[in-house]
2 protein chains.
Amino acid sequence: MSGDRKMRLGAFLMAGGHHIAAWRHPLAHAQAGVDIDHFVALARIAERGKFDMIFVEDAAAIRERNSDMASQAARSTAFEPLSLLAALAVNTSHIGLVATASTTYNEPYGLARSFASLDQLSGGRAGWNLVTSASELEAENFASSGLRPHSERYERAEEFADAALAIWDGVEDGAYLPPGGADFTDRAKLHPVHHRGKHFAVEGLLESPCSPQGRPIMVQAGASDVGKELAARTADVVFAASQTIDEAKAYYSDVKARLAKYGRQIDDIKIMPGISPIVGATEAEAKAKYRALQELIPDAVGVALLASYLSIQDLSSYPLDGPLPDMPETNLIQSRQQLIIDLGRRENLSIRELARHFAGARGHWQVAGTPAQIADAMEERFSAGAADGFNVMAPIFPSGLEDFVTLVVPELRRRGLFREAYEGRTLRQNLGVGVPAKR
Amino acid sequence: MSGDRKMRLGAFLMAGGHHIAAWRHPLAHAQAGVDIDHFVALARIAERGKFDMIFVEDAAAIRERNSDMASQAARSTAFEPLSLLAALAVNTSHIGLVATASTTYNEPYGLARSFASLDQLSGGRAGWNLVTSASELEAENFASSGLRPHSERYERAEEFADAALAIWDGVEDGAYLPPGGADFTDRAKLHPVHHRGKHFAVEGLLESPCSPQGRPIMVQAGASDVGKELAARTADVVFAASQTIDEAKAYYSDVKARLAKYGRQIDDIKIMPGISPIVGATEAEAKAKYRALQELIPDAVGVALLASYLSIQDLSSYPLDGPLPDMPETNLIQSRQQLIIDLGRRENLSIRELARHFAGARGHWQVAGTPAQIADAMEERFSAGAADGFNVMAPIFPSGLEDFVTLVVPELRRRGLFREAYEGRTLRQNLGVGVPAKR
C-alpha cells in the first residue's frame with residue numbers, strides 16, 4: 001500500500017435514507033422513492049464530494065409480505081435501478097453509476113445489453129452489482145417453482161457472469177467505424193459470442209460499441225464462500241458488511257487471498273464495506289441524532305425485520321428481553337444470518353436490543369461522531385487492511401449525505417486520504433482498476 | 001368525428017434516420033445510435049413541435065447476420081430503449097415516451113416494473129409498444145430451442161399483456177400515503193396479483209405507486225389477425241404500415257370494428273400509420289432530396305433487406321429486373337411479407353425496384369413534397385377514416401424532423417388539424433384516451 005493510496009467512496013442511495021425509520025423522520029423526504037428530482041439532487045451532492053460512485057440496491061418485489069408490517073416499516077416505493085441511473089447519467093458528468101441486478105430472473109444478453117446502454121449513456125460510468133434473488137417474494141413474481149436453493153442460484157450466477165462478460169467483450173474498441181467510409185463496421189473487431197451452458201445459450205453480438213471504460217465495472221457483495229469466490233474471479237469492487245475491524249480485516253484478507261489463483265493482483269479488487277455515519281458538530285450532538293432516529297423504530301418493526309433477515313417466521317413468541325433462540329439452517333443468505341447471530345452473542349444483546357441495533361443500518365457498521373471521529377474510524381480500517389474504501393449509507397437523505405460531503409470529506413482530504421479532483425471521466429479510471437484481459 | 005378532432009403525432013426516432021442509407025448521407029449524424037446528446041436534441045425538437053410522443057423500436061440482437069451486408073447496411077448502433085427513454089424523460093416535460101419491448105424473452109413482472117419506473121420518472125408519460133420477437137438472431141441470444149412460431153409467440157404475448165396490466169392495476173391511486181401519518185400504505189388500495197397461467201406465475205405487488213396517468217399507454221403494431229385482435233383488446237395506440245389510402249382505410253376499419261366485442265368505443269384506440277415525409281420548399285426540391293437518398297442505397301443492400309423481410313435466404317439468384325418469385329409460407333411476420341408482395345404486384349415492380357422502394361422506408365408510406373402537399377396527404381387520410389394521426393419517420397435526423405416541425409406542423413395548425421399547446425401533462429391526457437377499467 002503506497003503512501004498516496006486513496007480511499008474509494010460510494011454513496012449508497014436509498015430513497016428517504018438507510019435508517020429503517022427514516023421515512024418517519026421530520027428531516028427525511030418520505031415519498032422520495034419515486035421522486036427523480038430528489039435522486040438528481042443526491043447524485044449531484046455525491047458528485048460535488050468527488051465520490052467514485054453512487055450505488056442502488058434492488059429487489060424485484062415488495063420487501064415485506066405482512067401488510068400490517070409493511071405499512072409501518074416500508075422503506076419506500078422505488079424506481080427500477082437501470083432506468084433511475086439512466087436518468088441520473090444525463091444529470092452528472094463524472095460519478096460512477098452502479099445498479100444492482102439479479103442473475104436469477106434475468107437473461108445474460110438482456111442484462112448485458114442494458115448495462116452496455118447505461119455505459120454508453122454515461123460515457124463509461126456504469127457498474128453492475130451482480131446478485132442472486134434470495135427472497136421468496138421475488139420468486140413468487142417470476143416462477144411457480146418457488147425460491148431456488150443458494151447453491152443453485154450461485155451456479156446460475158457463475159454462468160450468467162461468464163456469458164455477460166463474453167457479450168461485452170464481443171465488440172472490440174473501434175469495431176464501429178467513423179463516418180465517411182464505405183463500411184460501417186470493422187469485421188475483424190467483432191467477435192460473436194458462442195456460449196452454450198447449462199442455463200443459457202447466447203450466440204451473437206451487442207448492437208453497441210465497446211464500453212468507453214473497456215468493460216462496465218463488476219461489483220459484488222458476496223459474503224458466502226461461493227459468493228467470495230465469484231467476486232475474486234470476476235469483480236472489480238466488493239461491498240461488504242462488517243461490524244468490527246477484526247471482521248472487516250478477516251473478510252478483506254480472505255477475498256484478496258483468493259485473487260492469485262485467477263491470475264489477479266490484490267489491487268485489482270477494491271473492497272468497500274458499508275458505513276452508516278451519523279455526523280454531529282460534537283459527539284453529543286451526533287449521539288443525540290442517532291437516538292432520535294432509533295426512537296422512531298417501533299419494537300414490532302425491528303423484531304419483524306430481524307426475524308425476516310434470520311428467515312424465521314416470527315420471533316414474537318420469544319421473550320424480547322431474552323437472547324436469540326438457536327437458528328435452523330436455511331437456504332437463504334446464510335452469511336448475513338451468521339453475522340446477526342455473532343453480533344448478538346458477542347455483545348450479549350437481547351432480541352429487542354439486537355432488533356433495534358440491527359434495524360438501524362441493517363447489519364452495517366454505524367459510526368456516530370464528529371467529522372474527525374468518523375474520519376479516524378475510516379482511516380483506521382483503511383490503513384489496517386480492512387478496507388480500500390467505503391460505501392457510505394447515510395441514515396437520512398439528503399441531510400445525511402450533505403453532512404458527510406460538507407464535513408467528513410474535507411477532513412479525509414486534509415489527511416491526504418481522498419481525492420481533490422476526479423482522475424478521469426470513466427468509473428474504471430477513477431477507481432484505478434485496469435481493464436481485464438478480453439475473453 | 002367532431003370538427004375539432006385533432007391529429008395525433010408520434011416522432012419515430014432512429015439514430016441517423018429512417019432511410020436505409022441515412023448513415024451515408026452527408027447531413028446525417030452517422031454515429032448517432034449511442035449519442036445521447038443527439039437523442040436529447042431530437043426529443044426536444046419533437047416536444048417543441050408538440051408531438052404526442054417519441055417512439056423507439058427495438059430488437060435484442062444485431063439486425064443482419066451477414067457481416068459483409070451488415071457492414072454496408074447497418075442502420076446504426078443503438079441504446080436499449082428503456083434506458084434511453086429514462087434519460088430523455090428528465091430532458092423533456094410533456095412529450096410521451098414510447099419504448100418497444102418484447103414479450104418473447106422478458107417476464108411480465110420485470111417489464112411491467114421497468115415501464116412503471118419510466119412512468120414515474122416522467123410524471124406519467126410512458127408507453128409500451130408490445131411486440132413479439134420474430135428474428136432468429138434474437139432467438140439465438142436467448143434460447144437454444146430457436147425461433148418460436150408466430151402462434152406460440154402470440155399466445156405468450158396475450159398472457160404477458162394480461163399479467164402486465166394486472167400488475168400495473170394492483171396498486172390503486174393513493175395506496176402510498178402522504179408523509180406524517182403512522183402508516184406508509186393504505187392496505188385497502190393494494191391488490192396483489194394472482195396470475196397463474198401457462199407461461200407465467202405472478203403473485204405480488206409493484207413497489208411503486210399507481211401510474212400518474214392511471215396506467216401506462218399500451219401500443220401495438222399488430223398487422224396479423226391475432227395481432228389486430230390483441231390490439232383491439234388491450235391497446236390505446238396502434239401503429240400501422242400502409243402504402244395506399246385504401247389499405248389504410250381497410251386496416252383502420254378492421255381494427256376499429258373489433259373494439260365493440262371488448263366493450264370499447266372507437267375513440268379508445270388511436271390508429272397512427274407511419275409516414276416518411278421528405279419536405280422541400282418546392283416539389284422539385286423534395287423529389288431531389290428523395291433521389292439523393294435513394295441513390296445511396298447499394299443494390300445488394302436493398303435486395304438483401306428485401307430478402308430478409310420476406311424471410312428467404314437469398315434473392316440474388318433471381319433476375320433483378322424480373323418480378324418477385326412465389327413465396328413460401330413461413331412463421332415470420334406474415335402480414336409484412338404480404339404487404340411487400342402486394343406492392344410488387346400492384347405496381348408491377350421488379351425485384352430491384354421493389355428492393356429500392358422498400359428499402360427507403362421499410363414498407364412505410366413515403367411522401368416527398370412541399371409542406372402543403374404533405375399536409376394535404378395527411379389530411380386526406382385523417383379525414384377519410386384511414387388514420388387518427390401519424391407516426392412520423394424522418395428519413396434523416398435531425399434535419400428531417402426539424403423540417404417537419406418547422407414547416408409541416410404550422411401548416412397542419414393553420415388547418416386546425418393539430419394542437420397549439422399540450423392539453424395535459426400525461427401521455428394519456430394528450431392522446432385523449434381514458435383510463436381503462438381496472439382489472
Next item on the list: State all residues of the stretch B:213-235 that are more than 14 Å from chain A (Cβ to nearest Cβ), closer than 18 Å to B:Pro108 by Cβ and part of a loop (DSSP other than H, G, I, E, B); if no residue qualifies, say none.
Entry: B:Arg215, B:Ala235
Next item on the list: Look through the stretch B:85-95, keep the residues that are closer than 30 Å to A:Pro178 by Cβ and more than 7 Å from chain A (Cβ to nearest Cβ), and return whichever of them is surrounded by the fewest Cβ atoms within 10 Å (Cβ to Cβ).
Entry: B:Thr92
Checklist line | Enumeration of residues in the stretch B:273-287 that are assigned to a strand (DSSP E or B) and of a type in the set (A, V, I, L, M, F, W, C) | finding: B:Ile275, B:Ile278, B:Val279
Note to self: Which residue is farthest from the chain's Cα centre (by Cα), if the candidates are limited to the stretch A:100-112 and must be within 9 Å of chain B (Cβ to nearest Cβ) and over 18 Å from B:Arg113 (Cα atoms)?
What the structure shows: A:Tyr109
Notebook entry, point to check: Which of (1) loosely packed, with under 15 Cβ neighbours inside 10 Å; (2) modelled with pLDDT of 80 or more does A:Ile275 not meet, given it meets every other one?
Noted result: (1)
Notebook entry, point to check: Given A:Gly181, A:Gly174, which one is over 24 Å from the mean Cα position of the chain (by Cα), free of Cβ contacts under 8 Å to residues at least 24 places away in the same chain, surrounded by fewer than 17 Cβ atoms within 10 Å (Cβ to Cβ) and in a loop (DSSP other than H, G, I, E, B)?
Noted result: A:Gly181
Note to self: Exactly one of these conditions fails for B:Ala61: (1) at pLDDT below 95; (2) more than 8 Å from chain A (Cβ to nearest Cβ). Give me its number.
What the structure shows: (2)
Notebook entry, point to check: Restricting attention to the stretch A:252-259, does a residue exist that is of a type in the set (Val, Ile, Thr), at pLDDT 95 or above and out of contact with any helix residue (DSSP H, G or I) (no Cβ under 8 Å at 6 or more places or on another chain)?
Noted result: no
Next item on the list: Look at B:Glu207 and say whether it is at pLDDT below 95 and part of a helix (DSSP H, G or I).
Entry: no
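Each row is one residue, and each column tells you yes or no for (1) modelled with pLDDT of 95 or more; (2) of a type in the set (A, V, I, L, M).
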residue: B:Ile396; (1), (2): no, yes
residue: B:Asp403; (1), (2): yes, no
residue: B:Leu407; (1), (2): yes, yes
residue: B:Glu411; (1), (2): yes, no
residue: B:Gly416; (1), (2): yes, no
residue: B:Arg425; (1), (2): yes, no
residue: B:Gln429; (1), (2): yes, no
residue: B:Pro436; (1), (2): no, no
Next item on the list: Return a yes/no flag: does the stretch B:420-433 have any residue that is assigned to a loop (DSSP other than H, G, I, E, B), of a type outside the set (Asp, Glu) and closer than 23 Å to B:Tyr252 by Cα.
Entry: yes
Next item on the list: Scan the stretch A:135-150 for residues that are more than 12 Å from every other protein chain (Cβ to nearest Cβ) and either part of a helix (DSSP H, G or I) or crowded, with 21+ Cβ neighbours inside 10 Å (or both) and jot them down.
Entry: A:His150
Notebook entry, point to check: assigned to a helix (DSSP H, G or I) and of a type in the set (Lys, Arg): does that describe B:Arg153?
Noted result: yes
Notebook entry, point to check: Among the residues of the stretch B:15-23, is there at least one that is surrounded by fewer than 19 Cβ atoms within 10 Å (Cβ to Cβ) and either among the charged types (D, E, K, R) or part of a helix (DSSP H, G or I) (or both)?
Noted result: no
Notebook entry, point to check: Can you tell me how many residues in the stretch A:193-212 are touching an Asp or Glu at 6+ places or on another chain (Cβ under 7 Å) and either more than 9 Å from chain B (Cβ to nearest Cβ) or in contact (Cβ under 8 Å) with a residue 24 or more places away in the chain (or both)?
Noted result: 10
Notebook entry, point to check: Which of (1) surrounded by fewer than 22 Cβ atoms within 10 Å (Cβ to Cβ); (2) closer than 26 Å to B:Ser311 by Cβ; (3) within 10 Å of another protein chain (Cβ to nearest Cβ); (4) not polar (S, T, N, Q) is the odd one out, the single condition B:Glu155 does not satisfy?
Noted result: (3)
Checklist line | Pairs, first within 15 Å of B:Asn106 (Cα to Cα) in the stretch B:133-159, second assigned to a loop (DSSP other than H, G, I, E, B) and charged (D, E, K, R), C-beta under 6 Å, six or more apart | finding: B:Glu140/A:Glu203; B:Phe142/A:Glu107
Note to self: Looking for something acidic (Asp, Glu) and closer than 23 Å to A:Glu64 by Cβ - is there at least one such residue anywhere in the stretch A:108-130?
What the structure shows: no
Notebook entry, point to check: For the stretch A:207-266, what are the residues that are aromatic (Phe, Trp, Tyr), more than 14 Å from the chain's Cα centre (by Cα) and closer than 30 Å to A:Arg345 by Cα?
Noted result: A:Tyr251, A:Tyr252
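The values are calculated or read from the model by the stated rules, or taken from the named source; none is laboratory data. From a predicted model like this one, the values you see are computed outputs, not experimental measurements. Cβ coordinates were reconstructed from backbone atoms using ideal geometry, including for glycine residues, and neighbour counts include every protein chain displayed.
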